[in-house]
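Engineer: Next up is a structure, given as structure tokens.
The values are calculated or read from the model by the stated rules, or taken from the named source; none is laboratory data. For clarity, every value in this text was computed on a predicted model and none was experimentally measured. A quick note on method: Cβ atoms are made from the backbone with ideal geometry, for glycine too, and the neighbour counts reach across all protein chains shown. Just the protein is used for accessible areas: all its heavy atoms, side chains included, with ligands, DNA and RNA removed. Shrake-Rupley method; radii C 1.70, N 1.55, O 1.52, S 1.80 Å.
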Amino acid sequence: GDFYDCFMIDAHRLFFIVADVSGKGLPASLFMALSKTLLKSAARRVDDVGGLMVRANAEVSSENPESLFITAFAGILDTRTGMLEFSNAGHEPPFARRPGGRLARLEHAGGPPLCVMENYPYPVAYREIAAGEWICVVTDGVTEGMNQRGELYGSARLLSALRGLESATPEAIVAALRDDVRRFAGT
């Protein structure tokens, strides 16, 4: 049920989303595929990420006979200015780190997962992204990774792993987190 996507809306604006559909099995997989398509379509028809969330909430909810929901973190980055416009629909807040700065959560008021409340006005937040800054958005596939003792990987372990990667490249961060979750989960 986890999915992500990114693409250029126009010559200077990059849209991205990381999301997670509730549920398991075939119904969740089909709903994920439908949701990804509807979110991508909505992103091409609105100018702001809050409007995207409102439109996606309405469109995805209308195609939801299983009453599933979706947590999502979506953003639009203006590559000319570095301004990131983002909204959070019940998703784990991402981590961000500016060059020479401290690791911090990218938090704002957000809203409920998609398909939970009709006509919810998803708030938008802004952050100017500095050259060399990175943002790490994960799904619960990371935080709910489970070891043989039934323990979850969790947000605290994620934070600890990211602290050791503060000056790493994005590729190195992804590889290190993937490897750490795999080591934690074991067989």
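Engineer: Which whole-percent values make up P(r) of the chain when all C-alpha to C-alpha distances are grouped in 5 Å steps starting at zero?
Structural biologist: 1, 8, 16, 19, 20, 16, 12, 6, 2, 0
Engineer: How about the stretch 118-166: which trypsin sites (Lys or Arg not before Pro) there lie in a loop by DSSP and see at most 10 other Cβ atoms within 10 Å? If you can, show how the numbers build up before the last one.
Structural biologist: On the way: sites: 127, 149, 157, 163; in loops: 149.
Answer in residue order: 149.
Engineer: Can you tell me, using C-alpha contacts under 8 Å and at least 6 residues apart, the relative contact order of the stretch 6-81 as a whole percent? If you can, show how the numbers build up before the last one.
Structural biologist: Working: 78 pairs, mean separation 37.3, N = 76.
Relative contact order of the stretch 6-81: 49 percent.
Engineer: Also: Quick one: among 116, 174, 60, which has the greatest mean-square fluctuation in a GNM of the chain with alpha-carbon springs under 10 angstrom?
Structural biologist: Its mean-square fluctuation being the largest, the pick is 174.
Engineer: Would you work out the relative contact order for the stretch 22-121, in percent, from Cα pairs under 8 angstrom that are 6 or more residues apart?
Structural biologist: Numbers: 128 pairs, mean separation 27.5, N = 100.
Across the stretch 22-121, relative contact order equals 28 percent.
Engineer: Let me ask another. Once neighbouring chains are kept in place and the probe is 1.4 Å, which whole percent of the accessible area of the stretch 55-187 is contributed by carbon and sulfur? Show your work: numbers first, answer last.
Structural biologist: Values: 3630 of 7120 Å².
Carbon-and-sulfur percentage of accessible area, whole number: 51.
Engineer: Do any trypsin sites (Lys or Arg not before Pro) in the stretch 25-96 lie in a DSSP loop with no more than 15 other beta carbon atoms within 10 Å, and if so, which? Can you show the working numbers first?
Structural biologist: Values: sites: 36, 40, 44, 45, 55, 80; in loops: 44, 45, 80.
For trypsin sites (Lys or Arg not before Pro) across the stretch 25-96 that sit outside H, G, I, E and B with at most 15 neighbouring Cβ atoms in 10 Å, the list reads 44, 45, 80.
Engineer: Turning to a different aspect of this structure: Give me the number: length gained by fully extending residue 185 to residue 2, i.e. 0.36 nm times residue separation minus the C-alpha to C-alpha distance, one decimal in nm. Could the numbers behind the result be given before it?
Structural biologist: Values: separation 183, 0.36 × 183 = 65.88 nm, distance 1.81 nm.
Residue separation times 0.36 nm, minus the Cα-Cα distance, leaves 64.1 nm.
Engineer: If you average the sequence gap of Cα pairs under 8 Å that are 6 or more apart and divide by the length of the stretch 95-165, what percent do you get for the contact order?
Structural biologist: On the way: 56 pairs, mean separation 20.7, N = 71.
Value for the stretch 95-165: 29 percent.
Engineer: Turning to a different aspect of this structure: Ignoring ligands, DNA and RNA, what accessible area per residue does the chain give at 1.4 Å, in Å²?
Structural biologist: Each residue of the chain exposes 52 Å² on average to a 1.4 Å probe.
Engineer: Pulled fully out, how much extra length does the chain show between residue 143 and residue 107, if you take 0.36 nm times their separation in residues and subtract their Cα-Cα distance? Could the numbers behind the result be given before it?
Structural biologist: Numbers: separation 36, 0.36 × 36 = 12.96 nm, distance 1.71 nm.
Here the answer is 11.2 nm.
Engineer: Place a point 7 Å from the Cα of residue 48 along the Cα-to-Cβ direction; which residues of the stretch 120-156 have their backbone N under 18 Å from it?
Structural biologist: 120-128
Engineer: What value in Å³ per residue do you get for the convex hull of the alpha-carbon atoms in the stretch 79-147? Intermediate results must be reported in sequence, preceding the final value.
Structural biologist: On the way: hull volume 8.2 nm³, N = 69.
Cα-based convex hull of the stretch 79-147, divided per residue, equals 119 Å³.
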